[in-house]
Every structure is written in C-alpha cells, then in structure tokens.
Amino acid sequence: MRVAVLGGGVVGVAAAWYLAEAGAEVTVVERNDEAASECSFAPTGQLAPGHCGAWASPRAPGILLRSLVNPDAALRLLPHALPGLMRWGIAFLRECTDERYMRNSLIKLRLCLDSTQATRDLRDRLGLRYDNNDNGALFLHRDRARFEKEAKGAAAMAAHGLKLEVLDADGAARIDPGLAPVKDRLVGALYSPVDGSGDCGAFTRALAERAAAKGVVFRYGSTIERIEEDADRISGVATSSGRIEADAYVLCLGAESPRLMDPLGVHLPIYPVKGYSMTLPIKPGGAVPKMAMVDENNLVGIARLGDRVRFAGKAVFTGYDTKIVPEMFGGMKKVARDLFPDGVDETQPTYWACLRPMTADGPPIMGTAKHRNLYLNTGHGHVGWTLACGSGRAIANMVFGRDPGIDLEGVRLEGREL
Ligand SMILES: Cc1cc2nc3c(=O)[nH]c(=O)nc-3n(C[C@H](O)[C@H](O)[C@H](O)COP(=O)(O)OP(=O)(O)OC[C@H]3O[C@@H](n4cnc5c(N)ncnc54)[C@H](O)[C@@H]3O)c2cc1C
C-alpha cells in the first residue's frame, strides 16, 4: 500500500516509521529541508503524562481576559487576534467546565501514558539517543493554597494510572539535588516518576534517518498547495514539486492543518498558539536540574537536555505569526536566574518560537472523517512530542484496517468540527 504522510514534524515522522514497519510504501511530504523544522524543533522536551491537564479549564477564561491588559502574562490573548479566534474561542469556552476539563484531561492522560511507553520502546529497540532521560518530572509550587489544592487533585489521578507523589521542599530537593540551594523558594512539589525528557528535534531527525534507511522517501522542500478530493476519497496532493498520489494519506501538518483542510469543507478545531523556548548551556560546577520540571506559578517548563537546560512557555494567541519577540523571554530568564543562578549560562542563549496545534477541547484529532482514505493525525497541542509515537502506531494500525490498539474515544473529529 502506498501512503503519503503530509508533514515531517515529530507526529508525521513517527507515523511514517510505524507505517513503514507495517509494510507500507511511505512518502513524507515536508516543505522544509529537514524533519522537525517547525513546532517539533525545540519544544521543552518533556515526555509528560504528568502535565496532561487540558488548557480549557474553569480558570482559563479569567486568565485569558486578564491577559488582555497584562503584557507579562504567560497566557496572552492579543486583541488583533480576536476576529480570527471567534469560532475556536467559543468552542474552547464551552469546554471550560469542571466536568469537561476532567473528561478531556483523562483522555489525554490515557494517550500520554500509552505514548510515553511507545517512545521508550522505540528508543530502546532502535538505540536512539537524543539527550534523553527517564528521571521523572517535578511540578514546583511557590504558593501554599494552590499547592494544597493541586495535591488533593493528585490523589484522584492515581485511580487513572498517574502516580503523583506530594513532596515538601526538602523532598523535592532530595529527588533533584539541583534544587537544594533554592529550596526555600518552594512550598512543595508534585513528582511524577513516569515522566521524562529528551530533545524532540534530535529524536525526530534520528528517527527520520532510520525511516529513510528502511525505504521511506522524504520529499523535503515540497510545499503542499492543495489536497484534491474525488467524492469521498482523496485523489492526490498538489505540491510545489509536482503531484503526489497514494492509496492513503495521513495528515500531520500541525498548526497548518486547518488551512489545508478548510477548502475541503472539513473545519478542524485547531488554533496556532504561539510558544517560546530558550536553551542555555550548563556552566561547570553550578547547580542544575537532572530532570524535567514545571514552575507552576510562572508557567515555565524546564528540561535537562544533556549539557543544556531548556526553559519554555508562553501561550500567545496572535494568529499565524512566528516572529521572535525578545521581551517574551523575560519570564523564562527570571525563572532561570531564580532557580539555577550559578548553573546556566545566560550569555549563550538559543531562542526559538513556534505554533502549537491546539484543539479547542485538548485531545488530538485522529482517524478518518469525510474522506475514507485520509487519516487525520493532528492537533496534539502542548503535548505533541509526548503523543507522537502512540499516535503514529495507532494511525498505522488504522490505515491497515487493524484495531488501533488503544481506546480512541474522544479523539475522532465527529462532533468537534468548527
Ligand atoms: C514552547 C513549546 C513547548 C512545548 N513543550 C512540549 C513538551 O515539553 N512536551 C510535549 O510533548 N510537547 C511540547 N510541545 C508541543 C509539541 O512541540 C507539538 O505538539 C509537536 O511538535 C507538534 O508536532 P507536529 O508534527 O504535529 O507539528 P510540526 O512539528 O509543526 O510539524 C508539521 C510539519 O508540517 C509541515 N507543513 C506544514 N504545512 C505544510 C505544507 N503546506 N506543505 C508541506 N509541509 C507543511 C511543517 O513544515 C512541519 O514540519 C511544545 C510546544 C511549544 C511551542
């Protein structure tokens, strides 16, 4: 079977790998000159079942409204984006109840747990190295009232397969001695042993290399201009380097997915939410983290990637704009100085910005919709690195008409279209 995978980010490359393993003749179509050049290039890097909470929560509308007047907020809604955000925004607001938040978060948790294991299995099987570790993650708290509330919620997650240990500041510093010099700044932390981290871009490029060696064809520098339909099937894809035909198509275009699907009358509930990361080299002798962390009060993710530490965050609703705005790194720099003052070298930063493909409710979109040979595999939002391998494996099973191998309730497009 000939399969065209549209998009060469981590989600597309993982799908291509599992499809090739299942015996498909795979072509990956990617507009850049190498894999993982857009959102998969430099995300924080957390493999993060412990960070699977849906963004649409009862607190979210207030946070977004306040951000209209607070330029330093980690979540920012820019007024000029409002017209383009209307339909997605209404769908998002509908999900901001306690009940919907819980439902959406548990769907994501199920997928994140499955996919974290799939990523590690693939890593071990292929011997991939990408500055990875399985050290778990710490969710750091500086505010007692909020910490106590989160600690209560943590106990409820155990019933759904996520073990979260509640630690005081000393306990957090015992789990990661890199925090010992600054533990007085914390009231406590939640520790998720199943989490880990790794360089998503390096993983994707390494997997793309293995896939190419297995016969997957990568058509880099090919921009998809149009997806062409014939009744209930896709008949081909028009690209800047010619037309591509296949028996099945897997759409992994990240934040660009709605722009290619809208002309076909399929309105994906995905908005491009801009995020930023700053990667700093480690200084010799200073205290640095050995594991992934989230500074919950400042909404900054932190990952140890070999001899570097990456700080990431910001969620800016500003349409399809990927320009790097230097002021956006202020919060990350503050956290870097506050937690690891002697450990990271701020004079040699690598800055990056990109667009998360966020669905309004939170879970990704997978499976067929209007066209029976087009498989959607997109909208993985703030946990696409975590979800890529599990999604790729499930999609490959679907393309071959097999059981996806995981419960896909809540990820199909039906009932979620804008
Ligand atoms: C600041 C930040 C921090 C993050 N941290 C984490 C984290 O710690 N853990 C985690 O799990 N996730 C994290 N994420 C989310 C994760 O990075 C994304 O969900 C994931 O990279 C999405 O992968 P993708 O393959 O769907 O999209 P992309 O990587 O964007 O891939 C889509 C590909 O499609 C190609 N494409 C688009 N349009 C066309 C076209 N017309 N023709 C040809 N090619 C096209 C693009 O060039 C691109 O390569 C973070 C994201 C951000 C922004």
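If you model the stretch 51-129 as an ellipsoid using its alpha carbon gyration tensor, with each semi-axis the square root of five times an eigenvalue, the axes come out at 33, 17, 11 Å, biggest first.
Explain nothing, just the number: dipole magnitude of the chain about its Cα centre with +1 on each Lys and Arg Cβ and -1 on each Asp and Glu Cβ, in debye rounded to the nearest 20.
Values: 50 positive and 50 negative charges, 85 e Å.
That gives a dipole near 400 debye.
Would you compute, from DSSP H runs of 4+ residues alone, the mean residue ellipticity of the chain at 222 nm, taking -39500 (n - 2.57) per run and dividing by the full residue count, rounded to the nearest 500? Don't skip to the answer; put the middle values down first.
Values: 10 runs with 128 residues, N = 418.
The per-residue figure over the chain is -9500 deg cm²/dmol.
Normalised by residue count, the stretch 338-402 yields a Cα convex hull volume of 149 Å³ per residue.
Hey, got the dipole for the stretch 231-298? About the Cα centre, +1 on K and R Cβ, -1 on D and E Cβ, debye to the nearest 20? Write out the running numbers ahead of the final one.
Details: 6 positive and 7 negative charges, 64 e Å.
That gives a dipole near 300 debye.
Size descriptors for the chain (Cα atoms only): Rg and Dmax, in that order, 20.6, 64 Å. Derived scalar couplings between HN and Hα for the stretch 409-417 equal 4, x, 10, 6, 6, 3, x, 10, 4 Hz in order, rounded to whole Hz, by the Karplus curve 6.51 cos²θ - 1.76 cosθ + 1.60 (θ = phi - 60°), x for Gly and Pro. Within straight-line reach of residue 333, meaning a Cα separation under 17 Å, sit the following aspartates and glutamates at least 8 residues removed in sequence or on another chain: 72, 295, 296, 342, 345, 346.
Of all lysines in the structure, the ones whose alpha carbon falls short of 21 Å from that of residue 152, not counting any fewer than 8 places away in one chain, are 108, 163. Within the straight-line cut-off of under 18 Å between alpha carbons, the lysines reachable from residue 323 are 274, 314, sequence neighbours fewer than 8 places apart in one chain being disregarded. Summarising the overall dimensions of the stretch 212-335 from its C-alpha atoms, the Rg and Dmax are 20.3, 64 angstrom.
Bear in mind that the values in this text are calculations on the coordinates, not laboratory data. Just so it is clear, the model here is predicted, and its values are computed rather than measured. As a convention, Cβ positions derive from the backbone with ideal geometry for all residues, glycine included, and neighbour counts pool all protein chains shown.
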